[in-house]
Structures are given as C-alpha cells and as structure tokens.
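Q: Submitted below is the structure of interest, expressed as structure tokens.
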C-alpha cells in the first residue's frame with residue numbers, strides 16, 4: 001500500500017494545481033490505474049493526499 005501511495009503522490013505532483021490549463025498528455029496505463037485507486041479512496045484520504053501534494057509542490061517550487 002505504501003508503494004502504491006508513493007507512486008500516487010508522484011502522479012498527483014505532475015498534475016497542475018488550481019485552474020491552470022490541463023495538459024493533454026495521455027496517461028500511461030499505470031498512471032490511469034493509480035488515478036482509479038485514488039478515486040476509490042475514502043474522501044478524507046483523497047483530501048489528505050491533495051493537501052500533501054500541494055505542500056510538496058509549494059516547497060519544491062520556492
């Protein structure tokens with residue numbers, strides 16, 4: 001589970017934040033499966049992962 005969450009965090013870090021234009025780049029099968037896993041998580045876990053990714057993104061770009 002931890003490994004899957006690690007890859008999920010990496011994938012979510014690639015996605016644009018806010019209202020920026022979404023890239024039309026096609027997702028790989030692995031990335032698509034990870035997004036399906038993300039959608040299946042309880043809402044509180046999805047929110048926690050989004051907040052974690054936002055924090056990582058903000059600290060890595062400053």
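Q: Return the residue satisfying two criteria in turn: it lies in segment 20-62 and is outside any helix (DSSP H, G or I) and at pLDDT 80 or above, and of such residues it is surrounded by the most Cβ atoms within 10 Å (Cβ to Cβ).
A: Just the residues of segment 20-62 that are outside any helix (DSSP H, G or I), to begin with: 20-28, 41-42, 62.
The next check asks that each one be at pLDDT 80 or above; those that pass are 41-42.
Details: 41: 14, 42: 8.
Checking each candidate, the answer is 41.
Q: Next up: Evaluate the following for residue 3: is it at pLDDT 65 or above and either loosely packed, with under 15 Cβ neighbours inside 10 Å or more than 20 Å from residue 57 (Cβ to Cβ) (or both)?
A: Values: at pLDDT 65 or above: yes; either loosely packed, with under 15 Cβ neighbours inside 10 Å or more than 20 Å from residue 57 (Cβ to Cβ) (or both): yes.
Yes.
The values are calculated or read from the model by the stated rules, or taken from the named source; none is laboratory data. Values in this document were obtained by computation on a predicted structure and should not be read as measured data. Backbone-built Cβ (ideal geometry, glycine too); neighbour counts: all protein chains shown.
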